[in-house]
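The values are calculated or read from the model by the stated rules, or taken from the named source; none is laboratory data. The structure presented is a predicted model; accordingly, all values stated were derived computationally and were not measured. Positions of Cβ are generated from backbone atoms using ideal geometry, with glycine treated the same way; all protein chains shown enter the neighbour counts. Heavy atoms of the whole protein, side chains included, go into the accessibility calculation; ligands, DNA and RNA do not. Shrake-Rupley method; radii C 1.70, N 1.55, O 1.52, S 1.80 Å.
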Amino acid sequence: MPQNLVIKTAPLPLGQAGLVVLYASEGQPPGGAAAGVWTRTGLDFERIAASIGFKGKPGQAIDIAGPNGLDAKRLLVLGAGKADPDKPLSGAAWADRGGSLAAKTMGLAAATVSVVLDGAEATPSAIAELAAGLRLRHYKFDKYKSRKKDDDTVEEITVTLHVADPAAADAAIAARQPAVEGQILARDLINEPPNVLGTVEFADRAAALSGLGVEVEVLGQGELEALGMYSMLSVSQGSARPPRLVVMRWNGGDPGTAPVAFVGKGVVFDSGGISIKPAAGMEEMKGDMGGAAAVTGLMHALASRKAKANAVGIIGIVENMPSGTSMRPGDIVRAASGVTIEIVNTDAEGRLVLADALWYAQEKHKPRAIVDLATLTGAIGVALGSDHAGLFSNSDELATRLVAAGLETGEKLWRLPLGPAYDKLIESRFADIKNSAGRPAGSITAAQFLARFVSSGTAWAHLDIAGVALNSPASETNAGWASGFGVALLDRFVRDGYET
């Protein structure tokens, strides 16, 4: 059973707690109020630290059971790293600290945890990031696991952050939590098994955002045909599950101001179609809708915090399956924009979905800028691993804003090139373009394909998140399979550049 996590703030002094947590910087004992808490134990800090090799580095801990002088069952001192007043920790570093706190405390079966955070560096925004990291690391997707009868896991944990200004910290946490909730929603969507979350079910989950004030429109097979969206429809034609295009609009900015658009690839399961994938690891293709999940989570975040911005989220939801009705290599389809596409590889399907979704975003919503997200190519993981997502853009200004938001949130981006030489590689002998140019520069040629569906003068960026959205190495804020990458990044991007 998932634990319920409650995060509160309070002033000092400490009350009764199952676990008390203090921080100590590298080479120093606990300072400020934490020093007074430690003094009550009557223990020699330097002697204990030396005996176990504790130097205050991140990841190090002193764990004391039944500490004298404290109304607590356990005392934990965590390493805070080097203290440098001239170089304060970034928001991402504070989130990592919160994630590390969750990792250190979750296994200790304490129902109440009190954390002392009264130093000058513990600003309200820093506390909010720590709370975000705490909640993100606490996340587990175990709804399909049967609970064992002897499972004595604590069902609710209350973490009280003892800070200098609880009211200011509460306000900062409240402003940050909607993005956390959106990221958790994205993780949930990606983690769901493909027999549970099909195209219709995903569309229903997105439509539920109407309860937060999001205007939602769901387009089905007939409407997509009427729009001429045969690029997207070619992907779904081999599946028994019908396609859906979901349009989510949040109108929180000045009326008449053009929205910023976010477009997500939502392939709920990608077998590769006729160009079928290898069996090994195919189960992970339930996560090929990570871009659409991130867009849905972002719209949840914007609506939850009543963002003063106009935004539209568009997700193309399909399933790519092999059958007698599947698209074939050699087929030629016409996109809604009028561009003809030769299908040379049915496993290069995500770009076919995005082609029509990008056209729809421009044709129907006239956005100020467009950002699309997709688990598009395995090649991006070869190029960048799982530390950065790939960024492609026709606008230096837009790219700069996205990179800056990524650095602030820890969802980092690395810009890769576009250009005529790469564009030439997707020319087709029989149609306007083909949907794959093969292995060389695979992520770049995929982005060049998408660029063919972006109007001249429209600022556009493509984020290839295949290496970071799922099955990435564990981090301080994520110990699971799906990361929910993109929600925090784009929420910050909107906050910094598009709110009135």
The rounded separation in angstrom of the Cα centers of segment 403-444 and segment 303-331 is 19
Please report, in whole Å, how far the alpha carbons of segment 281-426 spread along each principal axis, starting with the longest. 47, 36, 33
Putting +1 on Lys and Arg Cβ atoms and -1 on Asp and Glu Cβ atoms, find which of 320, 304, 280 reaches farthest to the positive end of the dipole of segment 259-322. 304
Two decimals, Cα atoms only, Kirkwood Rh: what is Rg/Rh over segment 293-369? 1.08
Positive-end residue of 12, 493, 174, charge dipole of the chain with Cβ unit charges: 12
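For the chain, give the percent of accessible area contributed by carbon and sulfur heavy atoms, probe 1.4 Å, rounded to a whole number.
Details: 10480 of 20520 Å².
Ligands and nucleic acids excluded, carbon and sulfur reach 51 percent.
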Among 50, 21, 456, whose Cα projects farthest towards the positive end of the dipole of the chain, with charges put on the beta-carbon of Lys, Arg (+1) and Asp, Glu (-1)? 50
Using the Cα centre as the reference, give the magnitude of the dipole from point charges on the C-beta atoms of the chain (Lys, Arg: +1; Asp, Glu: -1; all else neutral), rounded to the nearest 20 debye. 260
Percent of alpha carbon pairs in segment 77-206 separated by more than 19 Å? 58
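May I ask which of 8/104; 265/434; 104/145; 286/306; 82/306 have a Cα-Cα span longer than 29 Å here?
Working: 8/104 18 Å; 265/434 19 Å; 104/145 23 Å; 286/306 31 Å; 82/306 37 Å.
Violating the 29 Å Cα-Cα cut-off are 286/306; 82/306.
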So for segment 382-500: antiparallel DSSP bridges make up what percent, rounded to the nearest 5? 70
Show me, for segment 161-168, the HN-Hα J-couplings you get by feeding each phi into the Karplus relation (A = 6.51, B = -1.76, C = 1.60, θ = phi - 60°), rounded to Hz, glycine and proline as x. 9, 8, 10, 5, 9, x, 5, 5
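Whats the longest run of the chain with zero chymotrypsin sites (Phe, Trp or Tyr not before Pro) that are DSSP loop and have at most 14 other Cβ atoms within 10 Å? Write down the numbers at each step before the final one.
On the way: sites that count: 144, 430.
In short, 145-429.
In Å², what does the accessible area per residue of the chain work out to with a 1.4 Å probe? If you can, show how the numbers build up before the last one.
On the way: 20520 Å² over 500 residues.
With the other protein chains kept in place, the chain gives 41 Å² per residue.
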How big, on average over all directions, is the shadow cast by the Cα convex hull of segment 332-373, in nm²? 3.2
Label-point separation (nm) for residue 52 and residue 395, each offset 7 Å from Cα along Cα-to-Cβ? 5.2
For the chain, give the share of DSSP beta bridges that are antiparallel, in percent and rounded to the nearest 5; count only bridges with both residues there. 35
Computed [θ] at 222 nm, helices only, for the chain once each DSSP H run of length n ≥ 4 contributes -39500 (n - 2.57): -10500 deg cm²/dmol
Residue 299 neighbourhood, Cβ < 11 Å, K/R = +1, D/E = -1, net charge -1
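Pairwise over distinct Cα atoms, reciprocal of the mean inverse distance: report the Kirkwood radius of segment 409-495 in Å, one decimal place. All intermediate terms of the calculation are to be shown ahead of the outcome.
Details: mean 1/r = 0.0657 Å⁻¹.
When all Cα pairs of segment 409-495 are included, the Kirkwood radius is 15.2 Å.
To the nearest 20 Debye, how big is the dipole of segment 276-336 about its Cα centre, given +1 on the beta carbon of each Lys and Arg and -1 on that of each Asp and Glu? Don't skip to the end; give the middle numbers.
Details: 7 positive and 5 negative charges, 82 e Å.
That gives segment 276-336 a dipole magnitude of about 400 debye.
For segment 156-273, just run the numbers: alpha carbon Rg, then divide by 2.2 N^0.38 Å, N being how many residues it has. Mind dumping the intermediate values first?
On the way: Rg = 19.0 Å, N = 118, 2.2 N^0.38 = 13.5 Å.
Here the answer is 1.41, to two decimals.
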Once the Cα atoms of the chain are picked out, what are the Rg and Dmax in Å? 24.6, 82
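Evaluate E = 1/(1 + (r/R0)^6) for residue 12 and residue 145, where r is the Cβ-Cβ distance and R0 equals 45 Å; express this FRET efficiency to the nearest 0.05. Don't jump to the answer; show the numbers that get you there.
Values: r = 39 Å, r/R0 = 0.87.
According to the calculation, E is roughly 0.70.
Quick one: Kirkwood hydrodynamic radius for segment 244-329, alpha-carbon pairs, angstrom, one decimal?
Numbers: mean 1/r = 0.0689 Å⁻¹.
This gives a value of 14.5 Å.
Taking the Cα centre of segment 183-261 as origin, work out the dipole magnitude from +1 charges on Lys and Arg Cβ and -1 charges on Asp and Glu Cβ, in debye rounded to 20. Mind showing how you got there, number by number?
Details: 5 positive and 9 negative charges, 34 e Å.
Approximately 160 debye in magnitude.
Given the convex hull of the Cα atoms of segment 1-127, what is a quarter of its surface area in nm²?
About 7.9 nm², averaged over all directions.
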